[in-house]
Every structure is written in C-alpha cells, then in structure tokens.
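The values are calculated or read from the model by the stated rules, or taken from the named source; none is laboratory data. Note that this is a predicted model, so its numbers are computed, not measured. Cβ placement follows ideal geometry from the backbone for every residue including glycine, while neighbour counts extend to all protein chains displayed. Please note that ligands, DNA and RNA were not included when accessible areas were found on the heavy atoms of the full protein model with its side chains. Shrake-Rupley method; radii C 1.70, N 1.55, O 1.52, S 1.80 Å.
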Amino acid sequence: MNGKTRTLTFLFALLLAAVPAAGADLGPNQHLIPELKVNESIETIAISGELSLQPEWDGSVTTGIPFGSILVHTADEKTLVFDSDGNQLLSISDELSAKVPTPAGVEKPCTWVHQLPNDSRVYHHDNATFIFGKAGNLILTVINEHPPPVEDPITINITSPREGETVWIDVVPPRVAVVGEVHAPAGLHNVVVRSGIGEVSCGNRPEFACSVPVSAGENTITVVADTHGPLAEKTVNVTVRIGLPPPPAIAVSGRVTDTGGNPVPGALVRFESVFTLDEPLAAVTTDEDGRYQITAPGHRQTVTVEKEGYSTIREGFVFENPTNTLDLELEPSSRTVPGFGPALAVLSLLGVFLLIGRKRR
C-alpha cells in the first residue's frame, strides 16, 4: 500500500468516526422543536379510535399521524398535530374523543394513547417527550402544556390496634378488630385485612372496621387498599394473649410510723392482689424516714406490714385511683426480756415453788 492510499484510508476512517453510529442514544437537545404555525381555520374534530403512527400519511386519514410529527396537548383540552416542519395538520378535541382504558384501569382520551413501534426509545425533557426509532430517527414529539396535577398519595391510617400493642382475647377462635381509614384520591375498590391465619374484605368505604382471625403470640396484620390505580398497604404488629386482661397497675406511696409518729425504717410492706395472677405479690422495705413506694396490679389489695418489735398489720384496701397515698401505723408488741421466753418463765416459776416447799420442811 503506497503513501497516497494510506492517506485516503486514514481520512476515510476519520470520516466514519465523525458520523454517529446508527441506533446511538440521541438526546432531546439535539432535536430542537421548530416554530409551530397554528392554523386557526382548521376545524376541530373528534377522533373515534386510537391514534397510531403511519409511515405514509396523506392528510385524509384522521386516525393516524405521520412519523416525525409534533403533538401539543393544550390547557384547553385540545391536541394539536403538526408536521416535522411545524405546520399544523389536525386539531383534536380531547373532551369529545373516545376514551380507552389504560393498564392502570383509568380511562383517558384516545389522543393521549400513542402507539409506537417496538424498540422505540423515549426521552423526557421538561414538558416535552421525544420518541426515537431503533435507528435513531425521530418518530414523535409530544408537548404537554397541562401536565396532570400531582395527586395526593394513597394513605392508610390504622387507628386500632396500635403498633406493638398487646391484645387480650377471651373468645376462641381469637379475632382482632381492625379499624382505620383509607385516603385514595383515584377512588377505592376494596379494603382487605390480612393476617397469618386468613383475610377478610372490609368493603369499599374510606372508613373500615372488620375483624380478622389471629393466633396466640406475635401477629402481623396487613391492610391492603385496592384502588382504581396502584395498590397500597400498611402493616401493624400486635401480640395476642388468650384470656382476661390483667387488672390495671396502681402506684401507692406513704409512710410507716409508730404510735408516737416516729418513722419505722426497715419495715416490710407487702401488697397482695386478690386476683389470681402469675405475680400477685409486690414487696418493698421502708427507708430511714419510714417512707415506701410500691406498684401493684389491681385496685383491691391486701396490705401487710411487718417489723420486729411491732405487731403485724394485715388489712384489705380498695384503691380508686392510679396513684394513691397510704400511711400506716405500727403498734409495739408486748415487751420481753431477751432470751427469757414463756417456756423458760414456766421452769423458773416451778423452781421457785420447789424452793419454797423445801424451806417449809
């Protein structure tokens, strides 16, 4: 290969490198929208079928648009169709057009449904959408002058039961009442409540209340909102206990004194619930000032106070409030000489009597 041939080959390679490969991704900024010339004399028509792209279009077919066209959806619910040079071809009334269902189940005017060839590539830029063919040629430009408003998200509010709540159930098989509300801007088709045991339908009203089967122990309850658009769900975790709920806990504080009003430190104060519970007994010891504070289950309690050298108190009380005050008074027990008990006293008296008898002899 001579020098001239090598030079031509090199220039040809540079030319090929400068040409973009077919099918390369083309950005929307490389395809400027021409000045659109609106023809006010064009009569607005209503399309009765879906719009489709047509490679050849002579202006007589109103259900198709040519390749490279520009569609503008206006704020007054009209769709204007322009050719690639910006000349207006059609004026379509969105309001009068036939509606077709979308995959989400929402009906929209047919002018919003654009059938595109397979392997098309779509680019969004501001309020414009550019559709390119497989070879990189511009097929369609869609300009939306009234984009749909951002809808409120679907929300589910479960008011009962609360997250992490312990639910006591005294019926078999156990069921939990689930209450709440669904906010679905697009409309509500059905509300379903599920657990690990089964599911129930709660109807299609925003406010729902239904009973779902559960099992003893940990349960995850899921509320599913089946809207006319996407599904939404929310879960709540509860613990189910079988039986009657335990009584509410009460708090009691007070002071233990003697009959002279002096504090009694180290006294054992016990509260015993009248209910049959796993841990019915609560006990504390008074401090140096004779004060105590205790928490016990149930409003009805049997209170016992013990202290060496004092008579034991054992009495029943009914506490009406969650927080209560109870002062207790201990009476000293009968005094005895240390180590001199009743048995020793009897033996001592017997010895005295024997001694007296001997002296009389």
Loop-located trypsin sites (Lys or Arg not before Pro) in the stretch 148-253, at most 14 other Cβ atoms within 10 Å (DSSP): Arg162
Phi to ³J(HN,Hα) by Karplus 6.51 cos²θ - 1.76 cosθ + 1.60 over the stretch 198-210, Hz, x for Gly, Pro: x, 9, 9, 9, 9, x, 10, 8, x, 8, 10, 7, 8
Sites Leu116 and Ala251 - FRET efficiency at Förster radius 56 Å, r taken between beta-carbons, to 0.05: 0.20
Using θ = phi - 60° and Karplus 6.51 cos²θ - 1.76 cosθ + 1.60, couplings along the stretch 317-330 (whole Hz; Gly, Pro as x): 9, 10, 9, 8, 10, x, 10, 9, 10, 9, 9, 10, 10, 9
Per-residue ³J(HN,Hα) for the stretch 87-95, Karplus 6.51 cos²θ - 1.76 cosθ + 1.60, θ = phi - 60°, Hz, x for Gly and Pro: 7, 6, 10, 9, 9, 10, 8, 5, 5
Simple spin-label estimate for Glu306 and Thr323 in nanometres, 7 Å along Cα-Cβ: 3.1 nm
Accessible area in the full protein assembly, largest first, 1.4 Å probe, for Glu77, Glu233: Glu233, Glu77
Selection of chymotrypsin sites (Phe, Trp or Tyr not before Pro), the stretch 197-299, meeting DSSP coil and at most 14 other Cβ within 10 Å: Phe275
Ala128-Ala46 pseudo-label distance in nm [points 7 Å out on the Cα-to-Cβ vector]: 3.2 nm
Ordering of 219-228, 303-312, 325-334 by packing [mean C-beta count within 10 Å, highest first]: 219-228, 303-312, 325-334
Distance from the stretch 255-334 to the stretch 161-183 (C-alpha centre basis), Å: 38 Å
